[in-house]
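Reading through the structure tokens given below for one structure.
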Amino acid sequence: MEWNDQDVLRYSRNLLLREIGSSGQEKLFSSSALVVGAGGLGSPALLYLAAAGVGRIGIIDGDRVDLSNLNRQMIHGEHSVGLGKADSAGAALRAFRSDLVVEVHDTALTTDNALDLFRRYDVIVDGSDNFPTKYLCNDASILTGVPLVHAGVLRFGGQILTVIPCKGPCLRCLLPEIPPRKDAPTCSEAGILGASAGVVGSWQAVEAVKLLLGIGEPLSGRLMMIDTLDASVSTLTVPKDPGCPACGGSPRILPPLSPLEYHLERSCPL
């Protein structure tokens, strides 16, 4: 690509990093990312991926912006209440970076569209708000070979796991089945500090950039747990399970297939 003075100035801090430099920045310009969910995790992830220079970003979310979202979903504003989250986030990204290619998918991720969508991108960021979708992201990542940055948040903390198909473990190696609803309180039940979601979503963006550039050590085989209240970060080693139903010998998308089968209850309405 041809650089202009605006490009050099805008990405000057990236260019100073030896792990990125001009060749890495050009790689980001030609890369793509799909963010599943434009909520508490997706908001910072989307903004920081755009700021990093990722050339094409897809957003998939079928929800509408609610006033109660605005303590943590800073990609939206009061003017966005009632609008589709994907459309609202897409407009915000276009205003933030005019040369960014934004692809808006105003729908839920389902077994009918997941594989086709995932194959169109270089990395997937899971900012979804329910366990069925998180497990669908995991299974579709394995089947398409597209790496996935999984995360979840609640109250003051969250966790992140990067899934690299054919190389490391997946979410089902850690938790083979979706947790029972009684063991998964929602943010409307347990609460969420918006800044905590911001920390975790921002870290997801870092993981995605590392995957796109092939730099650093991704969180493959390691579950990072962040507690902002205690100011602590810890990691749990996640071994690859040879008998895993998702990434073992016969990978496949497993039930439940939709949030409806989880009683329409969200693990955390991000």
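Miscellaneous remarks
- Filtered residue count, region 1-30, keeping only those that are in a helix (DSSP H, G or I) and within 30 Å of Asn71 (Cα to Cα): 3
- Ile57 being closer than 20 Å to Thr133 by Cα and in contact with a Ser or Thr (Cβ under 8 Å, 6 or more places away or on another chain): yes
- Subset of region 97-116 (residues that are exposed (fewer than 14 other Cβ atoms within 10 Å of the Cβ), under 18 Å from Ala52 (Cβ atoms) and of a type outside the set (A, V, I, L, M)): Ser98, Asp99
- Near pairs, Cβ below 9 angstrom, 6+ apart or cross-chain, from region 176-189 (in a helix (DSSP H, G or I)) to any residue that is modelled with pLDDT of 75 or more and aromatic (Phe, Trp, Tyr): Arg181/Phe131
- Some residue of region 114-129 being modelled with pLDDT under 95 and either over 27 Å from Ser31 (Cβ atoms) or out of contact with any helix residue (DSSP H, G or I) (no Cβ under 6 Å at 6 or more places or on another chain) (or both): yes
- Of the residues making up region 207-219, those that are buried (at least 16 other Cβ atoms within 10 Å of the Cβ) and either assigned to a loop (DSSP other than H, G, I, E, B) or in contact (Cβ under 8 Å) with a residue 40 or more places away in the chain (or both) are Glu207, Ala208, Val209, Leu211, Leu212, Leu213, Pro218, Leu219.
- Residue in region 117-154 that is surrounded by the most Cβ atoms within 10 Å (Cβ to Cβ), counting only those that are touching a residue at least 60 places away in the same chain (Cβ under 8 Å) and of a type in the set (D, E, K, R): Asp126
- Filter result for Ser22 (polar (S, T, N, Q) and either within 22 Å of Leu115 (Cβ to Cβ) or in contact (Cβ under 8 Å) with a residue 24 or more places away in the chain (or both)): no
- Among the candidates Ser68, Ser43, Ser80, the residue that is surrounded by 24 or more Cβ atoms within 10 Å (Cβ to Cβ) and hydroxyl-bearing (Ser, Thr, Tyr) is uniquely Ser43.
- Of the residues making up region 220-239, those that are in a loop (DSSP other than H, G, I, E, B) and either in contact with a helix residue (DSSP H, G or I) (Cβ under 6 Å, 6 or more places away or on another chain) or hydrophobic (A, V, I, L, M, F, W, C) (or both) number 4.
For every residue, the table says whether it meets (1) polar (S, T, N, Q); (2) in contact with a Ser or Thr (Cβ under 9 Å, 6 or more places away or on another chain).
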position: Val125; (1), (2): no, no
position: Lys167; (1), (2): no, yes
position: Arg172; (1), (2): no, no
position: Gly194; (1), (2): no, no
position: Ser202; (1), (2): yes, no
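- Filter pass, Leu15 being at pLDDT 95 or above and surrounded by fewer than 24 Cβ atoms within 10 Å (Cβ to Cβ): yes
- Filter result (in contact with a Lys or Arg (Cβ under 9 Å, 6 or more places away or on another chain) and within 21 Å of Pro147 (Cα to Cα)) within region 57-80: Gly58, Ile59, Asp61
- Single residue of Leu270, Leu161 found to be at pLDDT below 95, within 15 Å of the chain's Cα centre (by Cα) and within 16 Å of Ala45 (Cβ to Cβ): Leu270
- You will find that of Gly62, Gly58, Gly53, the residue that is of a type outside the set (S, T, N, Q), surrounded by 19 or more Cβ atoms within 10 Å (Cβ to Cβ) and within 24 Å of Thr110 (Cα to Cα) is Gly58 and no other.
- Members of region 91-112 that are in contact with a strand residue (DSSP E or B) (Cβ under 8 Å, 6 or more places away or on another chain) and in contact (Cβ under 8 Å) with a residue 12 or more places away in the chain: Leu93, Leu100, Val101, Val102, Glu103, Val104, His105, Asp106, Thr107, Ala108, Leu109
The values are calculated or read from the model by the stated rules, or taken from the named source; none is laboratory data. Since this is a predicted model, take the numbers as computed values, not measurements. FYI the Cβ positions are ideal-geometry reconstructions off the backbone, even for glycines, and counts take in every protein chain you see.
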